[in-house]
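The values are calculated or read from the model by the stated rules, or taken from the named source; none is laboratory data. Since this is a predicted model, take the numbers as computed values, not measurements. Cβ coordinates were reconstructed from backbone atoms using ideal geometry, including for glycine residues, and neighbour counts include every protein chain displayed.
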Amino acid sequence: MSVTKTKTTFMNDFHTAKIQKILTNFIIFKHLSRQKCAMSMILAMIERKSVQLNELALKLNDNALSSSNERRLQAFLKDAILDEDQVVFLLSIFCAFGSVDLCMDRTEWDFGGKQINMLVISGYVRGVGIPLYVELLDNNSGNSNANHRMLVIQKIIQILGKYAIKSVIGDREFVGRKWIKYLMSENIRFFLRVPKHYVYNVNGKILKAENLLSGRETCRLDGIEVLKIKGLSVQMLKVKNKSGEEDYLIVLTNGYSYEAIRNYKKRWSIEVMFQDFKGQGFNLEATHIKDNDKLKKLFYLVSIAYAFCVHVGMHYEKNVKKIPLKNHKYRAKSIFRTGLDILREIFIKKTKNFITIWNNFIDEFIHLARIKTKIFNRLKNIG
């Protein structure tokens with residue numbers, strides 16, 4: 001019995017040490033005990049594929065009762081003070097060097113019978129969305145207005161620097177004159193889907209989308225005026241909506257029209273990310289936590305767990321084996337699920353070849369984090 005406990009403790013220490021090697025450079029929680037609890041929760045989320053505290057408690061500490069572990073987790077989520085800037089910067093390390101496309105979306109989830117509206121920003125990386133920032137919205141409206149979105153972008157700029165933003169991508173609810181003018185004033189490229197009722201000033205002629213398409217399937221226009229804002233471009237495409245009815249995909253940009261829809265399609269990555277957070281991955285909606293502050297901490301911890309899984313999957317595909325494609329040209333298993341399965345193999349079965357992958361990934365990531373941190377500090381000092 002003692003041999004089994006010793007082995008379990010050793011393996012837990014081994015994995016915690018590996019995570020700690022990364023997180024010690026990012027003071028997400030001030031006290032070391034809080035840092036260790038966060039690391040243990042991240043590992044348990046991956047192993048149990050769950051965020052429910054009674055599930056995580058089973059993996060927290062082998063030498064304590066599960067009920068004691070659960071109370072410890074409850075106290076952690078209640079009392080621990082999370083440094084959001086540090087979390088956002090850590091998550092940005094999982095994104096590519098240089099600038100990144102930011103996908104903005106609002107999602108409504110049902111947490112323990114309570115509806116929560118969240119505004120989420122993710123970074124697009126090789127077809128996958130890496131969560132970067134979350135804001136819980138006032139449930140009275142469930143929407144984000146232009147002022148709120150501007151504050152969120154300013155927060156991202158404050159933490160990561162404007163150079164980190166390649167573009168902002170958003171759906172039809174993220175439009176409006178004030179919002180677009182703000183992005184243009186900050187010289188931030190955007191690709192925003194707009195409603196079909198918008199009108200376009202083309203060489204002095206005021207036209208609607210159906211007039212511009214005029215029976216064609218697609219249309220591109222540069223140097224037009226929309227919402228009394230000059231110098232914009234638009235790309236339009238006839239599509240089918242979820243009901244099978246004819247609709248329009250209309251993407252407005254301050255870039256070139258030919259790149260509008262191609263870049264807007266990157267927004268799908270945040271939808272897939274939400275699915276992975278829910279039933280297909282960590283079952284986040286199953287939590288019974290209703291307090292907004294606790295939910296925000298939990299969301300960020302899941303984000304870190306998710307980012308680890310994604311990048312282990314990417315590391316595996318790049319350095320070990322290409323994930324096979326099905327007939328429809330999509331991967332047989334997603335990058336996220338590949339990384340999740342590998343990490344669970346390590347944590348549960350202690351598969352040696354996967355432990356090697358994990359070690360190599362950690363070393364590569366730490367090297368990347370050091371380089372990116374140096375670049376960030378240098379650019380910040382210049383700014």
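Some values worked out for this structure:
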{"read-out": "Verdict on LYS30 being modelled with pLDDT under 65 and surrounded by fewer than 17 Cβ atoms within 10 Å (Cβ to Cβ)", "value": "no"}
{"read-out": "Exclusive hit being in contact (Cβ under 8 Å) with a residue 24 or more places away in the chain, of a type in the set (Ser, Thr, Tyr), surrounded by 21 or more Cβ atoms within 10 Å (Cβ to Cβ) and closer than 24 Å to LYS290 by Cα, set SER40, SER50", "value": "SER40"}
{"read-out": "Residue list for the stretch 97-118, filter: of a type in the set (Asp, Glu) and either at pLDDT 85 or above or not assigned by TED's automatic domain parsing to the domain that holds ILE165 (or both)", "value": "ASP101, ASP105"}
{"read-out": "Those residues of the stretch 278-287 which are surrounded by 21 or more Cβ atoms within 10 Å (Cβ to Cβ) and part of a helix (DSSP H, G or I), in sequence order", "value": "LEU284"}
{"read-out": "Single residue of ILE165, ILE159, ILE153 found to be aliphatic (A, V, I, L, M) and either surrounded by fewer than 16 Cβ atoms within 10 Å (Cβ to Cβ) or touching an Asp or Glu at 6+ places or on another chain (Cβ under 6 Å) (or both)", "value": "ILE159"}
{"read-out": "Hey, ARG193 within 30 Å of GLY161 (Cα to Cα), buried (at least 16 other Cβ atoms within 10 Å of the Cβ) and touching a Lys or Arg at 6+ places or on another chain (Cβ under 6 Å) or not", "value": "yes"}
{"read-out": "Members of the stretch 203-216 that are at pLDDT 90 or above and among the acidic types (Asp, Glu)", "value": "none"}
{"read-out": "Residue tally, condition surrounded by 20 or more Cβ atoms within 10 Å (Cβ to Cβ) and either more than 17 Å from VAL312 (Cα to Cα) or at pLDDT 60 or above (or both), over the stretch 1-17", "value": "0"}
{"read-out": "Matching option when the condition is among the hydroxyl-bearing types (Ser, Thr, Tyr) and more than 20 Å from the chain's Cα centre (by Cα), among TYR264, TYR330", "value": "TYR330"}
{"read-out": "Given (1) assigned to a loop (DSSP other than H, G, I, E, B); (2) buried (at least 16 other Cβ atoms within 10 Å of the Cβ), index of the condition LYS290 fails", "value": "(2)"}
{"read-out": "Enumeration of residues in the stretch 311-362 that are without any contact (Cβ under 8 Å) to a residue 24 or more places away in the chain, polar (S, T, N, Q) and either touching an Asp or Glu at 6+ places or on another chain (Cβ under 8 Å) or assigned to a helix (DSSP H, G or I) (or both)", "value": "THR351, ASN353, THR356"}
{"read-out": "Every pair of residues 6+ apart whose Cβ atoms lie under 6 Å, when the first sits in the stretch 195-224 and is more than 10 Å from ILE250 (Cβ to Cβ) while the second is aromatic (Phe, Trp, Tyr) and buried (at least 16 other Cβ atoms within 10 Å of the Cβ)", "value": "LEU207/TYR200; ILE224/TYR200"}
